[in-house]
Amino acid sequence: MLRIAVIGAGHWGPNLISNFHANDRSRVAWVVDRDAARIEVVRRRFPDVRTSANIDDALQDPNVDALVIATPTRTHYELTKQALDAGKHVLVEKPLTDSVETSMALCKLAEVVERVLLVGHVFVYNDAARHVKQRIESGDLGRIYYISMMRTNLGPIRGDVDAAWDLAAHDISLASFWLDAWPESASAVGGSYINAGIADVVFSTLRYPGEVLVNLHTSWLNPRKARDITVVGDKQMLTFDDVNVSEPIRIYDKQVEHDSRRPALVDSLESFRMSVHDGGIAVPSVPASEPLRNECEHFLDCVLGGESPLSGGREGLAVVRVLDAISRSLEGRGREMAVEIG
Ligand SMILES: NC(=O)c1ccc[n+]([C@@H]2O[C@H](COP(=O)([O-])OP(=O)(O)OC[C@H]3O[C@@H](n4cnc5c(N)ncnc54)[C@H](O)[C@@H]3O)[C@@H](O)[C@H]2O)c1
């Protein structure tokens, strides 16, 4: 039985509270939030949980084994450091921190104090995303040419980090999970319209080994909630729509057939049609499970069962390194920046 304190009960924290509260292997001992109104909401919804405005109450409670941190990104470093220093295991929301230096420091600290550090990159715990990974690894799609990812909505608008740090963090972890690699470079342009200096929309392109391109459109300033992903391989293509709960994946048996016997004809429409294979669309059934629940179970497996984190400090740091390259490119108005994963 793991006793947990959840820090931050804003938009996302209550989902973590519910999951750990309902799990047989954990109990939520404390919920901490600086905002009295949020504490009041928690009290009404989870009357048996102790609440506080001060993290010290959770840190000093010897019965608390782990902290789950769901506060704004800018606070992640300080709060996670305090938790590890106090000997607690940590599940911290994405992104790990807002800089490479602080993320590196937390990785080292977690190793020194021998505590689990898991980053909430929830998409690697998504069954549909895991299905896509199997398709890629089995070779069904052939050589992967490129992936395009669109993550948009109207809000929530952040004041501490830009749309890339807030939203692309998901897509970077997901693309890297699928490709089993990290990007070599990043280029990005963005626009700040609501708050000066904080990009509301960021268009980034990541170059992975083997000339695989990954394009990210991330924005909280868009009328449509979209989580649209397209993976294009030389044998098959697929789409992954995380908003479509019942049928998130479509497999397109489509490809361009290179007909070297007729190279001179490819610029006519008719011959172009002949050079495209269209074998139809399949919709695989994917068992629907709750990704956040899988993530919470995995955290418990790591702490109680000694499993290695799938999205641990090292993976969280790699995502931050990519985000840092995106930020440098934004400053350089789109110049391609190297990503040093180390
Ligand atoms: N995994 C996901 O899909 C997902 C989705 C949404 C948000 N998130 C992440 O969760 C985190 C929180 O996001 P949110 O949308 O809930 O933000 P939010 O602003 O709605 O809530 C943050 C809460 O933290 C509290 N807080 C801030 N500083 C604190 C401190 N020092 N001590 C105690 N409480 C403090 C605030 O009062 C607020 O209630 C972010 O890191 C975000 O990236 C992840």
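Nothing in this text is a laboratory measurement; each read-out follows from the coordinates by a stated rule. These figures come from a predicted structure and were not determined experimentally. Reconstructed Cβ throughout: ideal geometry from the backbone, glycine too, with neighbour counts over all protein chains shown.
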Beta bridge orientation in the chain: antiparallel %, DSSP, nearest 5 | 60 percent
Pop a pseudo-label 7 angstrom from the Cα along the beta-carbon direction at both Arg25 and Ser285 and give the gap in nm to one decimal.
-> 2.8 nm
Using all Cα-Cα distances in the stretch 126-184, what percent lands in each 10 angstrom bin from 0 up to the longest?
-> 18, 46, 26, 9, 0
Using the beta-carbon distance between Lys108 and Arg328 and R0 = 25 Å, what value does 1/(1 + (r/R0)^6) give for FRET efficiency, to the nearest 0.05?
-> 0.60
Taking the alpha-carbon centre of each part, the distance from the stretch 155-216 to the stretch 314-342 in Å is 9 Å
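For the stretch 274-342, what is Rg from Cα atoms divided by 2.2 N^0.38 Å, rounded to two decimals?
Numbers: Rg = 19.9 Å, N = 69, 2.2 N^0.38 = 11.0 Å.
For the stretch 274-342, the normalised Cα radius of gyration is 1.81.
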So how tilted is helix 291-305 from the main axis of the chain? Cα-based, degrees 0 to 90, rounded to 10.
-> 60 degrees
Residue-wise, which Karplus ³J(HN,Hα) couplings in Hz belong to the stretch 149-166, taking 6.51 cos²θ - 1.76 cosθ + 1.60, θ = phi - 60°, and x for glycine or proline?
-> 10, 10, 10, 9, 5, 9, x, x, 8, 8, x, 9, 9, 8, 5, 5, 4, 6
Select from Pro14, Pro223, Pro248 the residue whose mean-square fluctuation is largest in a Gaussian network model of the chain (Cα-Cα springs shorter than 10 Å).
-> Pro223
At a temperature of 25 °C and a viscosity of 0.890 mPa s, determine how fast the stretch 1-128 diffuses translationally according to Stokes-Einstein, using the Kirkwood radius over alpha-carbon pairs as Rh; express D in µm²/s, rounded to the nearest whole number.
-> 168 µm²/s
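Based on the Cβ-Cβ distance of Ser99 and Lys225, what FRET efficiency does E = 1/(1 + (r/R0)^6) give at R0 = 25 Å, to the nearest 0.05?
On the way: r = 29 Å, r/R0 = 1.17.
It comes to 0.30.
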Per residue and in Å³, how big is the convex hull formed by the alpha-carbon atoms of the chain?
-> 156 Å³
How far apart, in nm, are the 7 Å Cα→Cβ label points at Trp12 and Lys235?
-> 3.6 nm
Could you name the aspartates and glutamates whose alpha carbon sits less than 17 Å from that of Lys108, not counting residues in the same chain fewer than 8 places away?
-> Glu78, Asp85, Asp98, Glu315
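I need the peptides 166-172, 42-48 ranked by packing, meaning the mean over residues of other C-beta atoms within 10 angstrom, with the highest value on top. All intermediate terms of the calculation are to be shown ahead of the outcome.
Working: 166-172: 26.3, 42-48: 12.7.
Peptide ranking by packing, descending: 166-172, 42-48.
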Ranked by GNM mean-square fluctuation in the chain (Cα springs under 10 Å), the top entry among Ser192, Ser219, Ser103 is Ser192
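Fewest to most neighbouring Cβ within 10 Å: what's the order for Val92, Val189, Val303, Val49? Don't skip to the end; give the middle numbers.
Working: Val92 27, Val189 16, Val303 23, Val49 19.
Least crowded to most crowded, the residues run Val189, Val49, Val303, Val92.
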Taking all pairs of distinct Cα atoms, average 1/r, flip it, and tell me the Kirkwood hydrodynamic radius of the stretch 142-221 in Å to one decimal place.
-> 12.9 Å
At 7 Å along the Cα-to-beta-carbon direction for both Ala181 and Asp160, put a label point, then send me their distance in nm to one decimal.
-> 3.4 nm
Protection-proxy order for peptides 203-211, 291-299, each taking the mean of Cβ atoms within 10 Å per residue, highest first | 291-299, 203-211
Alpha-carbon centroids, the stretch 77-132 and the stretch 1-16: separation in whole Å = 15 Å
